[in-house]
Amino acid sequence: MVERALLAGAYFKPSERPEAESLLLELEELVGTLGVPIIDRTLIHSRETHAPYLIGSGKAAEIAERIKAEGLDSLIIDNELTPSQQRNWEKLTGVTVLDRQEVILDIFAQRAQTHEARLQIELARLEYALPRLTRAWGHLVRQGGGIGAKGEGESQLEQDKRQIRTAIGRLKDQLKEVRSVRSTQRKDRKRAPVPNAAIVGYTNAGKSSLMRRLTGAQVLVEDKLFATLDTTTRKVALPNNQPLLLTDTVGFVRRLPHRLVEAFRATLEESVLAEFLIHVLDVTQPEALAFYQTTMDVLAELGTNPKQMIVAFNKVDRVEDRTVLEPLRRQFPEAHFISTHTGEGIDGLLEHMAELASAGSRVCTLHIPAAAGDRLARLHRAAQVLETHYDGDTVRILAVLPPALLRDFQDCLQTETV
């Protein structure tokens, strides 16, 4: 158990210092999410990267002396360390050394709830651990390699690596099955002509709070980074009665480990497949624009084209002087400034969502046999029904039909009003 940790971050150009300070504060919040007590933090400037410790050996020795003098039991470095750098730091300091990647992996491991998320996290952790196995027990061998074998058997290190590779292969096979099921579920949703939107954004921006406000879904809402990792999809009724499937996706963070982007690709694909995105940002964060770019970069890495996107700045109820919002209003003229806590701006957001969800829809008159109860039910479920008239054995319906329903109800279509 880590009880006394020192946080350290390194930057290599003077112009990088403000971002490095911001990232170190974010790391403090990430580590706090794990419940690890932080004694102090330090920011280090190095003119260039050094292979052994990332920073110069002199500054590394200073940190090691500080750790020993203060009786600390962990060093957490904001930068990504290579396996050899991590081992060098642990030899130098004599304490546990973690980098930003490992902190995020540990948070994800604590927060994952669904079977799919657990598989993805375990895969990411094993892929992270494999090159970091030390040679501390390399002298331990299994004598004799079996019948007919000559010389020494496998070292303990080789056994562990082989077991991890086997586990990685097994997890990848299991994830293929899970993704196949998820793909089938997506096809089922696509078969029902209901548009899908995904909520994306930086972690702790209020995505889950927005999901709860719009749909009433009982999703976990906490003021913590990565409070929830599991995808939730719920139906929301828009002002024009157009149904919409809304998906809450995992939050992003700066310097998100690439292996986590890969591991969560199946979950984040919801944003790739959605008709439009709702990008939620915390307006109280000074780095809101940097967070916006982080999310856009990760979406680009996933192969998501900048499709139709609604930008929503959340937590305006916490802004006392609204004039500070003017630069954001000028840069994002179509954005919505909302509060999931008070409901401010939510109606305008819903109207915008209804507009995008109805794109390509047409107002049509249909004649459907009264006996075709399944088709009538589907129409009321997936379209906006404006008028209903019963003429003997036929039901005449005036409705707003999305493109998929237009195709499926072509045989019932009498005239296209608009």
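The values are calculated or read from the model by the stated rules, or taken from the named source; none is laboratory data. Keep in mind the model is a prediction, meaning the values are calculated, not measured. FYI the Cβ positions are ideal-geometry reconstructions off the backbone, even for glycines, and counts take in every protein chain you see.
Inside the stretch 30-50, can you point out the residues that are in a helix (DSSP H, G or I) and surrounded by 15 or more Cβ atoms within 10 Å (Cβ to Cβ)?
Answer for the stretch 30-50, where residues must be in a helix (DSSP H, G or I) and surrounded by 15 or more Cβ atoms within 10 Å (Cβ to Cβ): L30, V31, T33.
List, please: which pairs have Cβ atoms under 9 Å, are six or more places apart or on different chains, and start with a residue in the stretch 332-359 that is at pLDDT 90 or above and in a helix (DSSP H, G or I) and end with one that is surrounded by 14 or more Cβ atoms within 10 Å (Cβ to Cβ) and of a type in the set (S, T, Y)?
I346/S339; I346/T340
Quick one: how many residues across the stretch 70-109 are over 23 Å from G35 (Cβ atoms) and small (G, A, S)?
2
As an exercise: evaluate E48 against (1) of a type outside the set (S, T, N, Q); (2) modelled with pLDDT of 90 or more; (3) within 16 Å of A10 (Cβ to Cβ); (4) in contact with a strand residue (DSSP E or B) (Cβ under 8 Å, 6 or more places away or on another chain) and give the number of the one condition it does not meet.
With (1) of a type outside the set (S, T, N, Q); (2) modelled with pLDDT of 90 or more; (3) within 16 Å of A10 (Cβ to Cβ); (4) in contact with a strand residue (DSSP E or B) (Cβ under 8 Å, 6 or more places away or on another chain) applied to E48, the lone miss is (4).
Since F313 meets every condition but one in (1) under 25 Å from the mean Cα position of the chain (by Cα); (2) assigned to a helix (DSSP H, G or I); (3) not small (G, A, S), which condition does it not meet?
Against the list (1) under 25 Å from the mean Cα position of the chain (by Cα); (2) assigned to a helix (DSSP H, G or I); (3) not small (G, A, S), F313 comes up short only on (2).
Residue under question is R186, and the condition is that it be modelled with pLDDT under 80, within 30 Å of L7 (Cα to Cα) and surrounded by 11 or more Cβ atoms within 10 Å (Cβ to Cβ); does it hold?
The answer is no for R186.
If the requirement is being modelled with pLDDT of 90 or more and of a type outside the set (A, V, I, L, M, F, W, C), which of these qualifies: T284, T294, T304?
After applying the criteria, what remains is T284.
Check off (1) of a type in the set (F, W, Y); (2) outside the structural domain of L277 (by TED's automatic domain parsing); (3) surrounded by 16 or more Cβ atoms within 10 Å (Cβ to Cβ) for Y390 and give me the number that stays unchecked.
Of (1) of a type in the set (F, W, Y); (2) outside the structural domain of L277 (by TED's automatic domain parsing); (3) surrounded by 16 or more Cβ atoms within 10 Å (Cβ to Cβ), only one is false for Y390: (3).
If a residue has to be touching a helix residue (DSSP H, G or I) at 6+ places or on another chain (Cβ under 8 Å), part of a helix (DSSP H, G or I) and surrounded by fewer than 15 Cβ atoms within 10 Å (Cβ to Cβ) to count, how many in the stretch 51-92 make the cut?
Count: 3.
Output the residues belonging to the stretch 114-165 that are modelled with pLDDT of 70 or more and not in a helix (DSSP H, G or I).
T114, L133, S155
Somewhere in the stretch 242-258, is a residue within 30 Å of P403 (Cβ to Cβ), surrounded by 19 or more Cβ atoms within 10 Å (Cβ to Cβ), at pLDDT below 85 and charged (D, E, K, R)?
yes
Tell me which residues, restricted to the stretch 328-366, are under 15 Å from I397 (Cβ atoms) and surrounded by fewer than 16 Cβ atoms within 10 Å (Cβ to Cβ).
V363
Would a scan of the stretch 367-384 turn up a residue that is among the hydrophobic types (A, V, I, L, M, F, W, C), more than 34 Å from the chain's Cα centre (by Cα), buried (at least 17 other Cβ atoms within 10 Å of the Cβ) and in a strand (DSSP E or B)?
There is at least one residue in the stretch 367-384 that is among the hydrophobic types (A, V, I, L, M, F, W, C), more than 34 Å from the chain's Cα centre (by Cα), buried (at least 17 other Cβ atoms within 10 Å of the Cβ) and in a strand (DSSP E or B).
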